[in-house]
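The next block holds one structure in the form of structure tokens; read it before the comments.
The values are calculated or read from the model by the stated rules, or taken from the named source; none is laboratory data. Only a predicted model underlies this, so the values are computations on that prediction, with no experimental measurement involved. Every residue, glycine among them, receives a Cβ derived from its backbone with ideal geometry; neighbour counts consider all protein chains shown.
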Amino acid sequence: MELFKPEVAVANLGPLLAGLLITVELTFAVIVLSLPFALLVALGGMSRIAPLRWVIKGYIETIRGTPLLLQLIYIYYVLPEIGMRLSAFTAGVIGLTLNYSTYISEVYRSGIQAIGRGQHDAAAALGMTHALAMRRIILPQAIRIVIPSLGNYFISLFKDTALCSVVSIQEVVFTAQILAARSFQYFTLYTVVGVMYFAVSFPAARLVGYLERVTRRGYRRQP
Amino acid sequence: MIEIEGLHKYFGTLHVLDGIDLSVAAGEVVCIIGPSGSGKSTLLRCINHLETPETGRILIDGQRVYRDEVGGIFRAHSNRAIAAVRAQVGMVFQHFNLFPHLTVMGNIIEAPIHVLRRPKDAARRRATELLEMVGLADKATSYPEELSGGQQQRAAIARALAMDPKAILFDEVTSALDPELVAEVLAVMRRLARQGMTMLVVTHEMNFARQVASRVVFMDHGKIVEEDAPERIFCAPREQRTRDFLRTVLDR
């Protein structure tokens with residue numbers, strides 16, 4: 001008896017690719033939202049206003065101290081009980097964004113703190129306010145430093161979207177579950193899903209490696 | 001132009017500035033010399049409020065800057081007001097502190113455009129003139145990393161000049177340079193001094209102080225020990241501590 005059946009794979013490729021598209025959409029939605037949101041979290045966490053810092057700290061600790069799977073379930077199944085009914089996709093995007101933003105904010109923070117005192121001094125000595133120095137001098141350098149780390153988090157995010165199958169988002173794993181429940185072709189279907197994840201993650205990881213080499217080269221004129 | 005009265009500054013229990021009084025007139029070049037740890041750099045950093053002294057006051061053009069004192073209690077000026085004063089006082093640092101993500105041109109026009117709100121083309125024209133003056137006309141599109149230390153420091157001087165400052169503070173600007181690159185930076189500073197720029201220069205370059213300064217200030221342990229014309233400080237110092245210091249640095 002052969003385990004992998006090419007004809008089953010081909011027959012189910014359409015729905016699985018549709019699922020993969022949802023996975024990719026989910027990933028991009030969370031990337032687009034968490035990049036700015038995490039920056040606000042990072043800046044708020046370093047604010048001179050103590051109550052703001054406490055709120056941010058509380059949020060970060062809560063998210064980090066609980067599983068992502070539970071957070072997704074909570075947003076989709078528990079919030080409706082207090083009158084917040086969200087579509088599955090929205091719930092997934094919000095859950096993943098809240099979760100990943102805590103980690104990405106720490107990446108931003110480490111990047112900002114990596115910029116030396118001298119840059120702050122030089123900006124201040126030129127009459128820049130703190131906000132202007134942040135925007136024009138500190139953040140452009142910090143963001144460049146953290147691009148490779150961000151890339152790695154986003155690859156990990158791409159794979160974590162599989163958890164959204166529990167809130168019935170028709171992403172690729174959920175799609176495979178439905179197809180397998182009907183046909184019992186577990187081996188073939190889940191193997192195809194694995195190959196699909198790998199086919200996206202692997203080139204993405206190579207791209208991050210390339211970005212790492214580019215950012216390490218420093219600032220120079222294009223040859 | 002710059003008046004400093006009764007400045008005291010502590011780092012923890014260390015009394016880095018112990019009652020500094022100093023005034024600098026427009027067009028003067030005041031060189032501050034002294035052993036390391038004597039408070040020279042801290043004094044300079046207090047003048048543009050990169051350090052906050054515990055007590056004392058600083059006046060620029062007769063105006064109290066950075067904070068007011070009401071009944072012995074200091075009330076800091078707004079961040080915007082502090083930034084506005086800093087924009088009028090240039091500073092050049094030991095480690096250049098150029099912005100690595102901007103080209104030399106970008107470094108020079110950044111603050112004129114975003115702080116002084118000058119039009120971009122006017123800022124560029126002025127930057128080109130300044131680069132010409134510091135001998136870096138061909139480096140406008142280079143990034144700081146591509147330049148030698150001496151070139152970076154000259155670019156940093158051009159960056160300070162682009163703000164048309166009333167005075168410039170030089171904080172050991174040749175100390176991080178290879179010996180053969182020191183002269184090109186000092187040459188630019190001599191030229192500025194001749195053009196009448198008001199300069200406060202913390203330096204270990206005794207020849208520069210002797211030849212260029214209108215006045216030399218000797219500091220030790222957070223105090224001004226002696227201040228006088230350069231020929232008097234270098235040839236006939238009144239204080240024993242000045243003599244001891246000069247002997248150690250000039251006998252090298």
Qualifying residue in the stretch A:146-153 (condition: without any contact (Cβ under 8 Å) to a residue 24 or more places away in the chain and either closer than 15 Å to A:ILE31 by Cβ or surrounded by fewer than 20 Cβ atoms within 10 Å (Cβ to Cβ) (or both)): no
Positions within the stretch B:92-145 being within 13 Å of chain A (Cβ to nearest Cβ), outside any helix (DSSP H, G or I) and farther than 25 Å from A:ILE138 by Cα, in sequence order: none
Residue ID - nearest to the other protein chains (Cβ to nearest Cβ), chosen from residues in the stretch A:184-223 that are surrounded by 14 or more Cβ atoms within 10 Å (Cβ to Cβ) and without any contact (Cβ under 8 Å) to a residue 24 or more places away in the chain: A:TYR219
Count of residues meeting criterion [in contact with a Phe, Trp or Tyr (Cβ under 9 Å, 6 or more places away or on another chain) and either surrounded by fewer than 19 Cβ atoms within 10 Å (Cβ to Cβ) or more than 24 Å from B:ALA176 (Cα to Cα) (or both)] in the stretch B:115-146: 2
Flag if A:GLN113 is over 23 Å from A:LYS57 (Cβ atoms) and not acidic (Asp, Glu): no
In the stretch A:173-223, the residues that are among the charged types (D, E, K, R), more than 23 Å from A:PRO140 (Cβ to Cβ) and more than 19 Å from the chain's Cα centre (by Cα): A:ARG182
Test result for B:ALA83, within 13 Å of chain A (Cβ to nearest Cβ) and either surrounded by 21 or more Cβ atoms within 10 Å (Cβ to Cβ) or among the aliphatic types (A, V, I, L, M) (or both): yes
Looking only at the stretch B:187-231, and only at residues there that are part of a helix (DSSP H, G or I) and of a type in the set (A, V, I, L, M), the one that is surrounded by the fewest Cβ atoms within 10 Å (Cβ to Cβ): B:ALA187
The stretch B:91-114: number of residues that are under 20 Å from the mean Cα position of the chain (by Cα) and surrounded by fewer than 20 Cβ atoms within 10 Å (Cβ to Cβ): 2
Residue check for B:ALA155: buried (at least 18 other Cβ atoms within 10 Å of the Cβ) and under 16 Å from the mean Cα position of the chain (by Cα): yes
Yes/no for B:GLY62 being at positive phi, more than 22 Å from the chain's Cα centre (by Cα) and modelled with pLDDT under 95: no
Meets criteria (farther than 29 Å from A:PRO203 by Cβ and touching a Lys or Arg at 6+ places or on another chain (Cβ under 8 Å)) for A:MET134: no
Filter result for A:GLY116 (surrounded by fewer than 18 Cβ atoms within 10 Å (Cβ to Cβ) and within 14 Å of chain B (Cβ to nearest Cβ)): yes
Boolean, A:LYS57 is basic (Lys, Arg) and over 19 Å from the mean Cα position of the chain (by Cα): yes
Pairs with Cβ under 8 Å, 6+ apart, first in the stretch A:120-144 and in contact (Cβ under 8 Å) with a residue 60 or more places away in the chain and facing chain B (nearest Cβ under 9 Å), second part of a helix (DSSP H, G or I) and surrounded by fewer than 18 Cβ atoms within 10 Å (Cβ to Cβ): A:ARG144/A:THR215
The stretch B:155-187: number of residues that are among the basic types (Lys, Arg) and either more than 14 Å from every other protein chain (Cβ to nearest Cβ) or out of contact with any helix residue (DSSP H, G or I) (no Cβ under 6 Å at 6 or more places or on another chain) (or both): 1
Only one of B:ASN97, B:ASN107 that is closer than 30 Å to B:THR13 by Cβ and modelled with pLDDT of 90 or more: B:ASN97
